[in-house]
Amino acid sequence: MRAAYGVETVRTAERELMARLPEGALMQRAAAGLAAVCAGLLGRVYGSRVVLLVGSGDNGGDALYAGARLARRGAGVSAVLLDAGRVHAGGLAALRAAGGRVAGDALGVLARAELVVDGITGIGGRGGLRDAAVPLARAARDSGAVVVAVDLPSGVEADSGEVRGECVRADATVTFGTYKPGLLIDPAREYVGAVRLVELGLDLGTAEADVEALQHADVAALLPVPGAESDKYRRGVVGVVAGSERYPGAAVLAVAGALRGGAGAVRYVGHGADAVIARFPEALVHAGPPSKAGRVQAWVVGPGLGEDADGALEDVLASDVPVLVDADGLRPLAPERVRGRDAPTLLTPHAGEAAALLGVSREEVEAGRLVAVRELAALYGATVLLKGSTTLVAPPGGAGFAVRRPVRVNPTGTPWLATAGSGDVLSGLAGALLAAGLGAMDAGSVAAYLHGLAGRLAAGGQGGDGVLGGAPVGAHDVADAVPGAWRGVVGRWRAAPGTPFGTA
Ligand SMILES: NC(=O)C1=CN([C@@H]2O[C@H](COP(=O)(O)OP(=O)(O)OC[C@H]3O[C@@H](n4cnc5c(N)ncnc54)[C@H](O)[C@@H]3O)[C@@H](O)[C@H]2O)[C@@H](O)CC1
Ligand SMILES: [K+]
């Protein structure tokens, strides 16, 4: 699990550690790690042209000390001071002693730079770049130099991933001690580039992370695996209430997601039965109300239901099994109806649906995704999965949830997933995991992880996020790629009992 901690927690841990170390030791650790990454990116340090953008705080101090280390290895290092009257004095002295200099012509040195170190602001920055810094950030970008952000790209909000005004756009970010939420969540994540964590030795043992991200091993440990005694009920039967005469495809895609998510069986309820059966003869279809469809261990309700979602939604919410509500099921959803349920409820809105539920604009949700998902989870007392770039899953909040558990951010995915029906597949996938017995947080975040990987596999290409060299995909391609994503996750971590070993 990759954990990210908010600024206050980081500051507390830093203070505790600093009290036990000689003065300045922590900053030297940070600067050494930063300089090592810069050297690696430069390849040849001797003779290279490095520019430091130096703000008035310790973030600028890190940049100056790292610059001094590069200057000692023969780099030509120029510091652009944003506020010459307030600069980390020790860092500036170290840079000068190593042969670095303060630049007179900031735009001139930036135009010739090979590597720019962004030390304008770190976790002490507030409210986007100030006016004087904006042309420097733009010049750094336009120069074609590699831009390395110190701790975080200056201007982005460390705690929320919000972006207020202009920010430095980095190719790489060297962050210290722990990940910060803003490095993992859009829109800020777009500015971060590749992230490298430099350990400082912070003790975050008892602190609650603000945000966490599953990794392969976490997902492998959570994915259900059928045992020798499994039958369809032990694997989990999922009920899917989706599709309509107008949108039969949503039914097919949600059922596809559920089957690929490992459901022992899928009971389909709705007007898309013919289309479902034509594509998936193994589905069990039912024409009456969901409550009469037979036993299920979780319900998925909403994709493509159109205008008449209310009756089926009410029927499903009255059940005592986990319920996932998506798309058209979200429109008529009253908070008290969800809060009154004993079994878990998982809501899976996209930004537009989340905005409607919160009574704000879509842009507001997209700009403040972490706040929005927490607010929805508090309003409904339910687990909420907010779809989109860097999908978030928040645990139930509000009254009765004193402990603020971390929000999960999905690290997989690709912009190619922004295609009609993609969310229907995700719903089915998460529903199958709920039916298999995963909690709502795990079901939502594991489904998002697999769905993101499947999107990348389907889109192909060599880029880490499946964009570079990738190609457009349809939602059905994503569903078809889920088994490959699943195998990719578990393949390296598990062997069936009784498998002979030593034969490879
Ligand atoms: N505290 C520690 O032990 C360590 C801190 N480190 C570094 O120190 C940083 C935090 O340092 P600081 O607390 O000094 O804060 P920062 O250096 O992040 O920024 C604070 C300074 O920037 C100014 N400022 C705030 N918002 C601004 C804006 N929008 N535009 C321009 N200037 C703005 C403030 O007036 C203040 O002078 C971390 O991000 C990290 O880089 C590292 O050296 C590791 C150790
Ligand atoms: K920075």
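The values are calculated or read from the model by the stated rules, or taken from the named source; none is laboratory data. The structure displayed is predicted, hence computed values, not measured ones. Heads up, the Cβs are rebuilt from the backbone with ideal geometry, glycines too, and the neighbour counts pull from every protein chain shown.
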_Please go through the stretch 180-195 and give me each residue that is surrounded by fewer than 24 Cβ atoms within 10 Å (Cβ to Cβ) and outside any helix (DSSP H, G or I), ordered by number._
Asp186, Pro187, Gly193, Ala194, Val195
*On the given criteria, is Arg130 more than 18 Å from Ala63 (Cα to Cα), near ligand 1 (Cβ under 9 Å from one of its atoms), surrounded by fewer than 24 Cβ atoms within 10 Å (Cβ to Cβ) and at pLDDT below 95?*
no
*Taking only pairs six or more apart or across chains, which ones have beta-carbon atoms under 8 Å, a first residue in the stretch 149-162 that is outside the structural domain of Asp58 (by TED's automatic domain parsing) and within 24 Å of Ala66 (Cβ to Cβ), and a second residue that is small (Gly, Ala, Ser) and part of a loop (DSSP other than H, G, I, E, B)?*
none
*Please state which of the following conditions Asp118 fails to meet, knowing it meets all the rest: (1) under 24 Å from Leu392 (Cα atoms); (2) more than 9 Å from ligand 1 (Cβ to nearest atom); (3) not hydrophobic (A, V, I, L, M, F, W, C).*
(1)
*Of the numbered conditions (1) under 25 Å from Pro181 (Cα atoms); (2) away from ligand 1 (no atom under 14 Å from the Cβ); (3) part of a helix (DSSP H, G or I), Leu107 satisfies every one except a single condition; which is it?*
(1)
*What is the one condition in (1) without any contact (Cβ under 8 Å) to a residue 40 or more places away in the chain; (2) more than 17 Å from Asp58 (Cβ to Cβ); (3) in a helix (DSSP H, G or I) that Leu92 does not satisfy?*
(2)
*Looking at the stretch 92-109, is at least one residue in contact with a helix residue (DSSP H, G or I) (Cβ under 9 Å, 6 or more places away or on another chain), within 16 Å of ligand 2 (Cβ to nearest atom) and within 22 Å of Thr173 (Cβ to Cβ)?*
no
*Determine if the stretch 242-259 includes at least one residue that is modelled with pLDDT of 95 or more, of a type in the set (A, V, I, L, M) and not in a helix (DSSP H, G or I).*
yes
*List the pairs whose first member sits in the stretch 292-312 and is on the phi > 0 side of the Ramachandran plot, whose second member is at pLDDT 95 or above and among the acidic types (Asp, Glu), and whose Cβ atoms are under 8 Å apart, counting only residues at least 6 apart or on separate chains?*
Gly302/Asp326; Gly302/Asp328; Gly304/Asp328; Gly304/Asp424; Gly306/Asp328
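Yes or no, residue by residue, for (1) under 26 Å from Ala377 (Cα atoms); (2) crowded, with 22+ Cβ neighbours inside 10 Å; (3) basic (Lys, Arg); (4) not assigned by TED's automatic domain parsing to the domain that holds Gly243:
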{"site": "Pro289", "(1), (2), (3), (4)": "no, no, no, no"}
{"site": "Gly294", "(1), (2), (3), (4)": "no, no, no, no"}
{"site": "Ala298", "(1), (2), (3), (4)": "yes, yes, no, no"}
{"site": "Pro303", "(1), (2), (3), (4)": "yes, yes, no, no"}
{"site": "Glu307", "(1), (2), (3), (4)": "yes, no, no, no"}
{"site": "Gly311", "(1), (2), (3), (4)": "yes, no, no, no"}
{"site": "Ser319", "(1), (2), (3), (4)": "yes, no, no, no"}
{"site": "Asp326", "(1), (2), (3), (4)": "yes, yes, no, no"}
*Of all the residues that make up the stretch 121-160, how many are of a type outside the set (S, T, N, Q) and assigned to a loop (DSSP other than H, G, I, E, B)?*
18
_Test: Gly55 is out of contact with any Pro (no Cβ under 8 Å at 6 or more places or on another chain), over 20 Å from Val168 (Cα atoms), in contact (Cβ under 8 Å) with a residue 12 or more places away in the chain and within 13 Å of ligand 1 (Cβ to nearest atom)_ = no
*In the stretch 196-217, which residues are in contact (Cβ under 8 Å) with a residue 60 or more places away in the chain, of a type outside the set (A, V, I, L, M, F, W, C) and either surrounded by 20 or more Cβ atoms within 10 Å (Cβ to Cβ) or out of contact with any strand residue (DSSP E or B) (no Cβ under 9 Å at 6 or more places or on another chain) (or both)?*
Gly201, Asp203, Glu208, Asp210, Glu212, His216
*asked:* Just to be sure I understand, how many residues within the stretch 222-236 are loosely packed, with under 13 Cβ neighbours inside 10 Å and hydrophobic (A, V, I, L, M, F, W, C)?
replied: 2
*Of all residues in the stretch 23-66 being β-branched (Val, Ile, Thr) and away from ligand 2 (no atom under 13 Å from the Cβ), the one that is surrounded by the fewest Cβ atoms within 10 Å (Cβ to Cβ)*: Val37
_Selection within the stretch 129-154 - more than 14 Å from ligand 2 (Cβ to nearest atom), charged (D, E, K, R) and more than 14 Å from Val109 (Cα to Cα)_ = Asp131
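Test of understanding: among Asp118, Asp62, which residue is outside any helix (DSSP H, G or I) and either aliphatic (A, V, I, L, M) or in the same structural domain as Tyr191 (by TED's automatic domain parsing) (or both)?
Numbers: Asp62 fails: outside any helix (DSSP H, G or I).
Of Asp118, Asp62, the one residue that is outside any helix (DSSP H, G or I) and either aliphatic (A, V, I, L, M) or in the same structural domain as Tyr191 (by TED's automatic domain parsing) (or both) is Asp118.
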_Identity of the residue in the stretch 135-170, away from ligand 1 (no atom under 13 Å from the Cβ) and touching a strand residue (DSSP E or B) at 6+ places or on another chain (Cβ under 6 Å), that ends up nearest to Val409 (Cα to Cα)_ = Ala170
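Quick one: which of Val50, Val10 is more than 10 Å from ligand 1 (Cβ to nearest atom), closer than 30 Å to Asp131 by Cα and outside any loop (DSSP other than H, G, I, E, B)? Break it down stepwise before answering.
Details: Val10 fails: more than 10 Å from ligand 1 (Cβ to nearest atom).
When all the criteria are applied, what remains is Val50.
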*If Gly124 passes every condition in (1) in contact (Cβ under 8 Å) with a residue 60 or more places away in the chain; (2) more than 11 Å from ligand 1 (Cβ to nearest atom); (3) surrounded by fewer than 16 Cβ atoms within 10 Å (Cβ to Cβ) but one, which one does it miss?*
(2)
